[in-house]
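Trainee: For reference, the structure I am asking about is given below.
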Amino acid sequence: MQSLFAFQQSKEANYLLCCDSIEQAFSPDLNSMEPQDKKELNKQKKEALKLLDKVFETAASVEHEDEKIKKVVEESLVHYRKSVADDVRFFKKGLKQDVEKIYRYYLSVLTLAIAIAEAAKADKKINHINFVNNRWVQALQESNDLKKEALRLNATWDNKFDRVQLWLRDVVKQDNEYMAYLDKKSPAVDDQKRILNHVFRRVILGKTIINDYFEEEVLHWSEDREIVKGMVEKTVKSYDPASAEPLQLHQLSLNWEDDLHFIENLFTGSINLAPEYSKLIADNTRNWEVDRLPLIDRVILEMAITEMLSFPSIPVKVTMNEYIELAKNYSTPKSRQFINGILDVITKHLKTAGKIKKSGRGLMDNK
């Protein structure tokens, strides 16, 4: 959604640049020794912009009796389409990279717990032995997979240890629950698990300067944080200190190739959604023209329609619920109800028209 939103903004910017190039082409040449007919140039500029608007984003050929107007509009469109194509490649490539970075952030959070334990060992003021000897902390330290992956993706804190020491002093040691844990004579296994979960949830990923650091470093941290937190919690939950099995890293995806295929197809499908569906959105948005909708709402509707049309294994209700939730979290206060109503009408239309075809167990009735 963020990539599509950014792409649409870039697309609008490219259009404005297209208009600028036309205006520039019909501006008086201040260096020319020939007299400039400003009135005629202004007339040509208006004609060229009108022609651009007529043929913009259509397959229609550029036709005009004035060869200069025709040439300028053609050249501006060529440049526009090239810029849009470059943006598609850029954002599509960024989709994969952004998702894969989440795994690195997950590793960074896990290794931060190790780094905090290392900093705690050197603290001469307070005895952190309960945390240093925590079974889950030790399991993280002993995980060869974590060591290998963290080194591969540069997710260690070796070069930021001074910062970790400051966090230990200013955040970790200021946490009442952490300090109470240090006072326990012999923490039970459940206590050890509970405190590590607390450190991850409240100390590292809570409302602290540690989380602020990630927010400054990571563009989409507010969204990525929830995924990272879920992965970290599953990692802690799945480890059994009574077992001989080492701690297992949680994978971002059970089948990354399939998920990447879904991501790229949803992105490409939403970008290339047929004009008839934009018209369908416009026809069902009372008192709104499609180009006057909040951009985020338009993106959400286009994604939802693409998913309904292009992914036969995803139930319609699942699609609707997901995009209503996106509207709730990222758009205006009234958008959830608005998106819900519009999608309900559009879904009924698509079903009646036979556009939605679902297959698979429990999906033959398109429900």
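Trainee: How big is the Cα convex hull of region 101-238 in projection, averaged over all directions, in nm²? Don't skip to the end; give the middle numbers.
Mentor: Details: hull surface 30.9 nm².
For region 101-238, the mean projected area of the Cα convex hull comes to 7.7 nm².
Trainee: Which peptide among 13-20, 123-130 comes first, and what is the full order, when sorted by highest mean count of other Cβ atoms within 10 Å?
Mentor: Numbers: 13-20: 15.0, 123-130: 13.0.
The densest-packed peptide leads the list: 13-20, 123-130.
Trainee: Do you know the relative contact order of region 101-238, to the nearest whole percent, from alpha carbon pairs under 8 angstrom that are 6+ apart?
Mentor: On the way: 124 pairs, mean separation 42.9, N = 138.
Computed value for region 101-238: 31 percent relative contact order.
Trainee: How far is helix 335-352 tilted, in degrees, relative to the longest principal axis of the Cα atoms in the chain, given as a value from 0 to 90 rounded to the nearest 10?
Mentor: In the chain, helix 335-352 runs at an angle near 60 degrees to the longest axis.
Trainee: Suppose we keep just the alpha-carbon trace of the chain; what are its Rg and Dmax in angstrom?
Mentor: In Å, with Rg to one decimal and Dmax whole: 28.1, 94.
Trainee: Placing +1 on the Cβ of each Lys and Arg and -1 on the Cβ of each Asp and Glu in region 2-92, which of F5, A60, F26 has its Cα farthest towards the positive end of the resulting dipole?
Mentor: The one lying farthest along the dipole's positive direction is F5.
Trainee: Another question, then. If I take every Cα pair under 8 Å that is 6 or more residues apart in region 208-335, average their sequence separation and divide by the length, what percent do I get for the relative contact order? Show your work: numbers first, answer last.
Mentor: Values: 61 pairs, mean separation 19.0, N = 128.
Reported relative contact order: 15 percent.
Trainee: What is the distance in Å between the Cα centres of region 56-116 and region 314-349?
Mentor: 26 Å
Trainee: Which of rounded, prolate or oblate describes region 195-281 when judged by the alpha-carbon gyration tensor and an a/c cut-off of 1.5? Please list the in-between numbers first.
Mentor: On the way: a/c = 3.80, a/b = 1.74, b/c = 2.18.
Since a/c reaches 1.5 but b/c is at least a/b, the shape of region 195-281 is classed as oblate.
Trainee: In debye, nearest 20: dipole of region 101-238 around its Cα centre with unit charges on the Cβ of K, R (+) and D, E (-)?
Mentor: Details: 24 positive and 21 negative charges, 77 e Å.
I would put it at about 360 debye.
Trainee: Length gain on complete extension for the stretch R163 to K348, per 0.36 nm per residue less the alpha carbon to alpha carbon distance?
Mentor: Gain on extension, R163 to K348, equals 61.0 nm.
Trainee: Still on this structure: Pop out the ³J(HN,Hα) list for region 10-20 in order, Karplus 6.51 cos²θ - 1.76 cosθ + 1.60 with θ = phi - 60°, rounded to Hz; leave Gly and Pro as x.
Mentor: Running phi through 6.51 cos²θ - 1.76 cosθ + 1.60 with θ = phi - 60° gives 5, 5, 5, 5, 5, 5, 5, 5, 4, 5, 4 Hz.
Trainee: So what's Rg/Rh here for region 2-92, counting alpha carbon atoms and using the Kirkwood radius for Rh?
Mentor: Numbers: Rg = 15.1 Å, Rh = 14.3 Å.
With Rh from the inverse mean 1/r over Cα pairs, Rg/Rh is 1.06.
Trainee: Checking the a/c ratio against 1.5 first, then a/b against b/c, what shape does the Cα gyration tensor give for region 93-175? Let's see the in-between values first.
Mentor: Numbers: a/c = 2.63, a/b = 1.81, b/c = 1.45.
The shape class here is prolate.
Read-outs: derived from the displayed coordinates by stated rules, not from any lab. Nothing here was measured: the structure is a model prediction, and the numbers come from that model. We place every Cβ from the backbone using ideal geometry, glycine too, and count neighbours over all the protein chains shown.
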